[in-house]
Every structure is written in structure tokens, then in C-alpha cells.
Amino acid sequence: MKLLEGKNVIITGASRGIGKGIAQIFGKHGANVAFTYSSSEAPALELESELTAMGVHAKAYKSNAASFTESEELVKKVLEDFESIDVLINNAGITKDNLLMRMGEEDFDKVIEINLKSVFNMTKAVQRTMLKQRKGSIINMSSVVGVKGNAGQTNYAASKAGMIGFTKSVALELGSRNIRSNAIAPGFIETEMTDKLDEKTVQGWRDAIPLKRGGSPEDVANACVFLASDLSAYVTGQVLNVDGGMLT
Ligand code: NAP
């Protein structure tokens with residue numbers, strides 16, 4: 001069953017990993033997919049071709065989610081190409097891990113700008129359109145780390161916790177206009193972001209997860225399908241953990 005037939009979605013940071021998984025699954029569910037990348041042009045264009053070959057209306061846009069003006073310009077272009085925006089998925093994110101003792105100001109600021117300020121930029125940019133339509137679903141890719149913290153990730157945990165506060169506030173501000181705002185808190189999802197970790201640490205994490213495996217981009221994408229579709233019409237202001245039971 002196609003759950004997103006005809007819905008127009010913007011996904012930030014979909015050249016690989018979770019964002020790419022979301023674009024592919026949304027395409028299969030009948031959505032029209034606009035997605036961004038900041039530097040990985042070749043894989044982004046490859047994904048655009050793959051989706052187009054599947055019969056999906058899809059387009060890749062180069063846009064730095066940390067930039068307020070680029071986000072505004074992006075939304076204008078997407079509206080020219082797709083006419084409306086039903087779903088925004090704020091997925092772009094980075095890590096710059098270090099113990100607080102060794103973390104420089106630049107690495108703190110960069111993570112906050114790309115992971116958190118981007119959510120403000122993009123939500124502001126789509127708000128007017130969703131208000132006019134009197135409908136919309138905004139999904140913010142937080143993390144279990146934003147819920148429970150993690151040593152060596154003060155910058156990342158702060159950005160992901162900030163996203164949860166933002167998500168709930170938007171749900172309160174825009175609920176009366178039928179605009180829903182939810183966050184997803186993935187646990188350990190096997191992508192290039194987690195490839196950087198050493199295998200021993202990763203195996204330790206897998207063993208500690210009740211479902212005994214890392215998650216896949218598809219696991220997260222399926223949760224996004226629920227939050228983007230009308231199946232979640234009465235769900236807003238929530239954080240959905242997609243973590244194999246990690247936070248249980
Ligand atoms: P990933 O494989 O590193 O992919 C990150 C994506 O974000 C890439 O497409 C990248 O494209 C894009 N991106 C980075 N900076 C950007 C910017 N300034 N503007 C626009 N796009 C940008 O990461 P992932 O594992 O798929 O993670 C996706 C999201 O899930 C992130 O927000 C991450 O924090 C969150 N998350 C991941 C995990 C996990 O275990 N993997 C767990 C919890 C939460 P370019 O290369 O073109 O920059």
C-alpha cells in the first residue's frame with residue numbers, strides 16, 4: 001500500500017545514510033522527493049537518477065542547511081519545481097566528537113549550526129507555505145544521545161536535545177493550523193557516520209541493544225513514513241525512539 005501518494009517532501013542531507021534511505025522509501029510510497037546535499041554532488045545526482053528511473057518526481061539541490069539565506073532560496077526553488085510542500089524532514093547532521101576538555105569552540109559552533117540552527121532555518125522557510133495549506137508534517141532527526149547524553153559528544157548531544165525542545169515548541173505553536181511536528185530519536189544506525197567508530201566499540205553497542213543489532217536507514221525511514229502519512233494524523237509533539245530498545 002502506498003502511504004504517501006502525491007505528497008511533496010523536502011529531506012535535508014540525503015546524499016547518503018539515513019536521508020538516502022528515507023528518499024528511497026518515500027519514493028516507493030508514492031511521494032515526490034526534493035532533497036539536499038552540501039558537498040556530495042555525485043552520490044546526490046546518482047540518487048536523483050535512481051529515483052527518477054523508479055518513476056518518482058525527484059530532484060537534488062545543493063544547499064547548506066546551516067545557512068538561513070540558502071534555506072530560504074532552497075524552499076523558493078522547491079516550490080517552483082513541486083508547487084507545494086507537505087512534509088519537511090530535517091535530517092542533515094554531523095558529528096565532531098571530543099571530550100569537553102579537548103573540544104574547540106569551532107567544533108562546538110559547527111555542530112550546533114548544522115544540526116540545530118538548520119532546523120530553525122528550514123522550519124522558518126516552509127512555515128508560510130504550510131500555514132497557507134493548513135497542513136504539514138515536520139520531522140526532526142534527533143538522537144538517543146539528545147535524550148540521555150553521551151560522553152565525548154557534548155556538542156552533538158546539545159544540538160540533538162535542542163531539536164527536541166524546538167520540535168515540541170513548534171507542535172504547540174502550529175498545531176491549531178494542522179501542522180504537526182515530531183522528532184525521531186534513532187539509536188545506533190549503521191551508516192557512514194557510524195563507520196568512523198572502531199569495530200570493538202560497535203560490537204559492544206550491538207550486544208547491549210535488546211534487539212541485538214544496529215539499525216538500518218530503512219528502519220528509520222519506515223518511522224518517517226508513519227509520521228509523514230495520515231496514519232499519524234493525531235500525533236504531534238512526540239519523540240519516537242527508533243533504537244532497538246536501547247533506551248529501555
Ligand atoms: P551521514 O551518513 O554522515 O549523512 C549525513 C548527510 O547530511 C549527508 O547526506 C550530508 O551530505 C548531509 N549534510 C551534512 N552537512 C550538511 C549541511 N550543512 N547541509 C546539508 N546537508 C548536509 O549521517 P547519517 O548517519 O545518515 O545521519 C543522518 C541524521 O541522523 C543526522 O542528523 C544524524 O545526527 C542523525 N542520527 C544518526 C544516527 C546514526 O547512528 N547514524 C543516530 C542518531 C541520529 P554532504 O556530504 O553533501 O554534506
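The values are calculated or read from the model by the stated rules, or taken from the named source; none is laboratory data. Since this is a predicted model, take the numbers as computed values, not measurements. Note that we place each Cβ from the backbone using ideal geometry, even for glycine, and neighbour counts take in every protein chain shown. Protein only, heavy atoms only, side chains kept; ligands, DNA and RNA dropped before computing areas. Shrake-Rupley method; radii C 1.70, N 1.55, O 1.52, S 1.80 Å.
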Please work out if Thr236 is polar (S, T, N, Q), in contact with a strand residue (DSSP E or B) (Cβ under 9 Å, 6 or more places away or on another chain), at pLDDT 95 or above and assigned to a helix (DSSP H, G or I).
no
Please state which of the following conditions Gln127 fails to meet, knowing it meets all the rest: (1) out of contact with any helix residue (DSSP H, G or I) (no Cβ under 9 Å at 6 or more places or on another chain); (2) open to solvent by less than 80 Å² (accessible area, probe 1.4 Å); (3) not charged (D, E, K, R).
(1)
In this structure, does Asn91 turn out to be at pLDDT 95 or above and surrounded by 20 or more Cβ atoms within 10 Å (Cβ to Cβ)?
yes
So which of Leu51, Leu47 is touching a residue at least 24 places away in the same chain (Cβ under 8 Å), outside any loop (DSSP other than H, G, I, E, B), open to solvent by less than 30 Å² (accessible area, probe 1.4 Å) and within 10 Å of the ligand (Cβ to nearest atom)?
Leu47
Taking only the stretch 212-222 into account, find how many residues are within 14 Å of the ligand (Cβ to nearest atom) and open to solvent by 40 Å² or more (accessible area, probe 1.4 Å).
3
Search the stretch 85-98 for residues that are over 8 Å from Ile11 (Cα atoms) and touching a residue at least 40 places away in the same chain (Cβ under 8 Å) and pair each with any residue that is of a type in the set (Phe, Trp, Tyr) and within 12 Å of the ligand (Cβ to nearest atom) when their beta-carbon atoms are under 8 Å apart and the residues are at least 6 apart or on different chains.
Thr95/Tyr156; Lys96/Tyr156; Asp97/Tyr156
Failed condition for Val147, given (1) surrounded by fewer than 16 Cβ atoms within 10 Å (Cβ to Cβ); (2) under 23 Å from Arg213 (Cα atoms), with all others met?
(1)
Identity of the residue in the stretch 55-88, in a loop (DSSP other than H, G, I, E, B) and within 13 Å of the ligand (Cβ to nearest atom), that ends up surrounded by the fewest Cβ atoms within 10 Å (Cβ to Cβ)
Ser67
Within the stretch 1-44, how many residues turn out to be open to solvent by less than 50 Å² (accessible area, probe 1.4 Å) and free of Cβ contacts under 8 Å to residues at least 24 places away in the same chain?
0
Which residue out of Lys160, Lys196 is over 19 Å from Met246 (Cα atoms), within 12 Å of the ligand (Cβ to nearest atom) and of a type in the set (D, E, K, R)?
Lys196
Just checking, how many residues over the stretch 1-44 are assigned to a loop (DSSP other than H, G, I, E, B), within 16 Å of the ligand (Cβ to nearest atom) and among the small types (Gly, Ala, Ser)?
6
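Kindly establish whether Asn182 is open to solvent by less than 80 Å² (accessible area, probe 1.4 Å) and either without any contact (Cβ under 8 Å) to a residue 40 or more places away in the chain or not aliphatic (A, V, I, L, M) (or both).
yes
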Let me spell it out: the conditions are (1) within 27 Å of Met101 (Cα to Cα); (2) touching a Gly at 6+ places or on another chain (Cβ under 9 Å), and Leu197 meets all of them except one. Which number is the exception?
(2)
Would you check which residues across the stretch 99-112 are in contact with a Ser or Thr (Cβ under 9 Å, 6 or more places away or on another chain) and within 13 Å of the ligand (Cβ to nearest atom) and list them?
Val111, Ile112
Set Leu247, Leu174, Leu231: member being at pLDDT 95 or above, more than 30 Å from Ser40 (Cα to Cα) and within 15 Å of the ligand (Cβ to nearest atom):
Leu247
Looking at this structure, is Ile139 touching a Cys at 6+ places or on another chain (Cβ under 6 Å) and closer than 20 Å to Val220 by Cα?
yes
